[in-house]
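First up is the structure itself, then whatever we jot down about it.
The values are calculated or read from the model by the stated rules, or taken from the named source; none is laboratory data. The structure presented is a predicted model; accordingly, all values stated were derived computationally and were not measured. Here the Cβ positions follow ideal geometry from the backbone for every residue, glycine too, while neighbour counts run over all protein chains shown. Note: accessible area is taken over every heavy atom of the protein model, side chains too, but ligands, DNA and RNA are not part of it. Shrake-Rupley method; radii C 1.70, N 1.55, O 1.52, S 1.80 Å.
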Amino acid sequence: MSGATRAEYCVIACAEAWRDAGEILASPMGVIPSVGARLARLSFSPDLLLTDGEALIVRPDGTTEGWLPYRRHLELVTGGRRHVMMGASQIDRYGNQNIACVGDWAKPVRQLLGVRGAPVNTLNNPTSYWIPKHSRRVFVAKVDMVCGVGYDRAAGARHHRLGRVVSDLGVFDFATPDRSMRLASLHPGVSVEEVREATGFDLAVADEVPYTREPTAQELRLIREVIDPGGARAREVAL
């Protein structure tokens with residue numbers, strides 16, 4: 001197997017969000033998170049539940065494995081037995097996420113997707129984020145509207161947990177005393193300075209930051225030959 005691409009490191013970083021998760025529902029949003037969830041199911045999280053996004057539990061190849069009625073889906077969501085990986089138009093140092101609008105919500109400069117299920121997701125089950133293009137427009141000092149709830153606003157929420165933020169530059173978590181964002185790993189070829197320059201707030205950064213782990217030969221085979229032979233991942237992260 002040839003060396004991994006940046007997109008494949010991102011797949012690995014997303015897959016790790018579901019490592020040893022047990023029998024919970026994975027809800028990846030985006031190509032690379034979807035490839036990552038299927039990789040996790042085929043490797044280190046065999047009990048992970050995947051869906052077709054509607055009403056079926058599916059295998060990694062997309063064939064039907066079971067039925068997931070809406071009432072059962074809500075039980076998983078509100079009971080902490082789902083780990084969703086959402087996108088973010090904006091995200092701040094405490095993990096508050098915005099997907100609704102840019103500018104004042106009363107008269108926004110730009111209307112986006114809307115709040116959708118972000119508050120329920122973040123307050124009731126583990127949540128991670130996928131950012132395919134790391135920039136100061138996304139990693140902001142303060143979000144224009146809170147949709148997904150961050151650590152500074154989630155007091156008392158029983159199932160609130162932000163697992164990780166994966167971008168095309170690295171992996172971030174909230175393993176700090178004040179639960180602010182920390183640079184957990186760099187994707188190979190990326191520097192700490194590059195991440196800082198592309199982030200609109202001060203990140204917690206250790207003296208030594210590891211690189212995102214290498215995919216195994218078996219994981220690369222699964223990504224390239226079984227899960228995503230058409231290379232859709234490269235259309236989300238080109239490097």
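Restricting region 63-106 to residues that are in contact with a Pro (Cβ under 7 Å, 6 or more places away or on another chain) and open to solvent by less than 10 Å² (accessible area, probe 1.4 Å), which is farthest from PRO177 (Cα to Cα)?
My answer is CYS101.
Can you find, within region 160-177, the residue that is surrounded by the most Cβ atoms within 10 Å (Cβ to Cβ) among those that are free of Cβ contacts under 8 Å to residues at least 24 places away in the same chain and assigned to a loop (DSSP other than H, G, I, E, B)?
ALA175
From the set of residues in region 211-239 that are open to solvent by less than 20 Å² (accessible area, probe 1.4 Å) and in a helix (DSSP H, G or I), which is nearest to ARG59 (Cα to Cα)?
Checked region 211-239; the qualifying residue nearest to ARG59 (Cα to Cα) is ILE227.
Please determine, by comparing only the residues of region 191-210 that are acidic (Asp, Glu) and not in a helix (DSSP H, G or I), which one is nearest to LEU39 (Cα to Cα).
This residue is GLU208.
Is there a residue being touching a helix residue (DSSP H, G or I) at 6+ places or on another chain (Cβ under 7 Å) and either in a loop (DSSP other than H, G, I, E, B) or open to solvent by 70 Å² or more (accessible area, probe 1.4 Å) (or both) anywhere in region 122-133?
yes
Conditions first: (1) more than 30 Å from ARG136 (Cβ to Cβ); (2) touching a residue at least 40 places away in the same chain (Cβ under 8 Å). GLU54 passes all but one, so which condition is the exception?
(2)
Which ones in region 134-159 are in contact (Cβ under 8 Å) with a residue 40 or more places away in the chain and either among the small types (Gly, Ala, Ser) or open to solvent by 90 Å² or more (accessible area, probe 1.4 Å) (or both)?
Correct list: SER135, ARG136, ARG137, ALA141, LYS142, GLY148, GLY150, ARG153, ARG158.
Just one of ARG179, ARG164 is modelled with pLDDT of 95 or more, under 20 Å from GLY117 (Cβ atoms) and among the charged types (D, E, K, R); which is it?
Testing whether each residue is modelled with pLDDT of 95 or more, under 20 Å from GLY117 (Cβ atoms) and among the charged types (D, E, K, R) leaves just ARG164.
When the residues of region 43-62 are narrowed to those that are under 26 Å from GLN97 (Cα atoms) and among the acidic types (Asp, Glu), which ends up surrounded by the fewest Cβ atoms within 10 Å (Cβ to Cβ)?
Once the filter is applied, the top-ranked residue is GLU54.
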